[in-house]
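One structure is given below, encoded as structure tokens.
The values are calculated or read from the model by the stated rules, or taken from the named source; none is laboratory data. Computed from a predicted structure; not experimentally measured. Here the Cβ positions follow ideal geometry from the backbone for every residue, glycine too, while neighbour counts run over all protein chains shown. Surface accessibility is based on the protein's heavy atoms, side chains included, excluding ligands, DNA and RNA. Shrake-Rupley method; radii C 1.70, N 1.55, O 1.52, S 1.80 Å.
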There are 2 protein chains.
Amino acid sequence: MKPESIKALTFDVFGTVVDWRSSIAREGEAFGRARGLTVDWVRFAEAWRGLYQPAMDEVRSGRRPWTKLDDLHRESLVTLLAEFKITGLKESEIDDLNRAWHRLDPWPDAVPGLVRLKSRYILATLSNGNVALMVNMAKRAGLPWDTILGAEVAGAYKPQPKAYLRSAELLGLQLSECLMVAAHPNDLKAAAGCGLRTAYVPRPLEHGPGKAAASAPAKGDFDVVARDFVDLADQLGS
Amino acid sequence: MKPESIKALTFDVFGTVVDWRSSIAREGEAFGRARGLTVDWVRFAEAWRGLYQPAMDEVRSGRRPWTKLDDLHRESLVTLLAEFKITGLKESEIDDLNRAWHRLDPWPDAVPGLVRLKSRYILATLSNGNVALMVNMAKRAGLPWDTILGAEVAGAYKPQPKAYLRSAELLGLQLSECLMVAAHPNDLKAAAGCGLRTAYVPRPLEHGPGKAAASAPAKGDFDVVARDFVDLADQLGS
């Protein structure tokens, strides 16, 4: 793949750009401390993320109509509050904790890498997060997106093809002019199946220390493999 | 209206942020010079813009299905090339001239004002221009949008309510937390009818020197009236 054939980089966000696990745990700690709760917030974060794919599957399967991720997250949160025996919260407190997903911190290389990449490429999110979540996260974290695309504007959750196809269509680009950047091989495989180019940026700490994928994908599976976003900028000449 | 009640500013773009008339004339001059064409490009720009509302009316009325602005612009361009007796162009040359709308220049105060406003508010386009047009224009002109919303993602052309309502919904905001910024009273009137707040920024040179609206709207018609985007930033405390 020649970098000059690429016009836009489309990004997976949770896990690829931001560290959801330690950010949700941090948000939970602060929330719990203010209320005298004793909770293992790392386990809580992992359990919350564990309900992510099953919740989207309800929409992907057509069993329920389009529902944005903020709403899926909130339903999962209510389930987990019961499971973790956290009671007596006001609706507004649950809303606030749910918006922890709007306050995730980027990996240390993310902003410096994106700033360099932005000088040469269009940068768009192609996440399952809804628009408000992505906009609020970007404002807080300084993520310099040119625009927010992905699941909500496409009306389909990745890895369904419509999420990738509609995002490229909105950019007015050929699919092969879009480079999907993700830490998750299944996301990249679905993007490649639609005709997008792919960049794999492993995030070995996504699930915590010592929890890296047992077998790393082969290099030849992707157009680009980069250590982090600064390395990606180096390789893409920006 | 208290500035602290506002979370997002949504912007009309053609005429409000960018000077379509002199930019299209400039693009036309360069295009014509390279091909030895003698055309009054200011008149051409005005004629092209003159076909804008009638083209969108076909979609608004339901007489034709959703068609993005790039495609409406191109149909109008083909009509005008015949009218101005410009012949012998290749399809790729017509495509290139059509993309002049992606290369419009901002009014001089636009970028400095937006940079200040961005520090405090979410900035989104709420234009009838399609996403690719808005993204490409912003990259070239340095317009620091947080995201691109408006007609294409809503599937409706302003002043139809759906354009405003869907944009606010995607931002996850109450309508009264959104401030619509425009140089056109009819756009602001439609936004206010949906429940958005309004900021009127007159652009007396939009249609050329000496062509300002004969009667300026009354100040009380809008929540804010600003001379330009720097004045808007002053008034909104950012």
Worksheet, complete the sentence: Residues hit by the 40 Å² burial cutoff in the stretch B:141-178, accessible area with a 1.4 Å probe, assembly against chain on its own, are B:ASP146, B:THR147, B:GLU152, B:LEU170
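To the nearest 100 Å², how much accessible surface do chains B and A hide from each other in total, with a 1.4 Å probe?
Details: alone 10770 and 10770 Å², together 19970 Å².
Result for this pair: about 1600 Å² buried.
Determine the relative contact order of the stretch A:126-205: mean sequence separation of Cα pairs under 8 Å and six or more apart, normalised by residue count, in whole percent.
Working: 112 pairs, mean separation 18.0, N = 80.
Value for the stretch A:126-205: 23 percent.
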Worksheet, complete the sentence: Once the dipole of the stretch B:122-238 is set up from charges on Cβ (+1 Lys and Arg, -1 Asp and Glu), the residue from the list B:LEU143, B:ASN130, B:ALA191 lying farthest towards its positive end is B:ASN130
Fill in: Pseudo-label separations to other copies for A:GLU58 - Cα-to-Cβ vector, 7 Å, nm
4.4
Response to the item:
Heavy-atom accessible area of chain B with neighbours in place, 1.4 angstrom probe: carbon+sulfur share in percent works out to 52
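For the protein assembly as shown, give the share of DSSP beta bridges that are antiparallel, in percent and rounded to the nearest 5; count only bridges with both residues there. All intermediate terms of the calculation are to be shown ahead of the outcome.
Values: 2 of 40 bridges.
In the protein assembly as shown, DSSP labels about 5 percent of beta bridges as antiparallel.
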Worksheet item: Could you give the distance between the Cα centres of the stretch A:1-69 and the stretch B:103-144, to the whole Å?
Response: 30
Fill in: 3J(HN,Hα) from dihedral phi, the stretch B:150-156, Karplus parametrisation 6.51/-1.76/1.60, rounded to Hz, x for glycine, proline
x, 3, 5, 6, 8, x, 7
Worksheet item: Measuring label to label, 7 Å along Cα→Cβ, what does B:GLY208 give against each other copy in nm, shortest first?
Response: 7.0
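Work out how much length A:ALA218 to A:ARG43 would gain on full extension: take 0.36 nm times their residue separation and subtract the Cα-Cα distance, in nm to one decimal. Could you put the intermediate results ahead of the total?
Values: separation 175, 0.36 × 175 = 63.00 nm, distance 3.09 nm.
Taking 0.36 nm per residue and subtracting the Cα distance, the gain is 59.9 nm.
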Discussion item. Below 15 angstrom from the Cβ of B:ILE6, what's the summed charge of the other residues (Lys, Arg +1; Asp, Glu -1)?
Written reply: +2
Fill in: For the stretch B:85-238, projected area of the alpha-carbon convex hull averaged over all directions, nm²
10.8
Practice prompt. Taking each label point as 7 Å beyond Cα in the direction of the beta carbon, state the distances from A:ARG43 to the same residue in the other copies, shortest first, in nm.
Written response: 8.0
Discussion item. Modelling each spin label as a point 7 Å along the Cα-to-Cβ direction, I'd like the A:LYS90/A:LEU51 distance in nm, to one decimal.
Written reply: 2.2
Fill in: Only Lys, Arg (+1) and Asp, Glu (-1) charged, at Cβ; the protein assembly as shown dipole about Cα centre in debye
60
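Taking Cα pairs under 8 Å and at least six residues apart, what relative contact order does chain A come out at, in percent? Each step should come with its number before you reach the end.
Working: 377 pairs, mean separation 59.2, N = 238.
Relative CO of chain A lands at 25 percent.
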Fill in: DSSP beta bridge pairing in chain B, given as percent antiparallel to the nearest 5
5
Worksheet item: So which residue, out of B:ARG33, B:ARG21, B:ARG203, gets the largest mean-square fluctuation from a GNM of chain B using Cα contacts under 10 Å as springs?
Response: B:ARG33
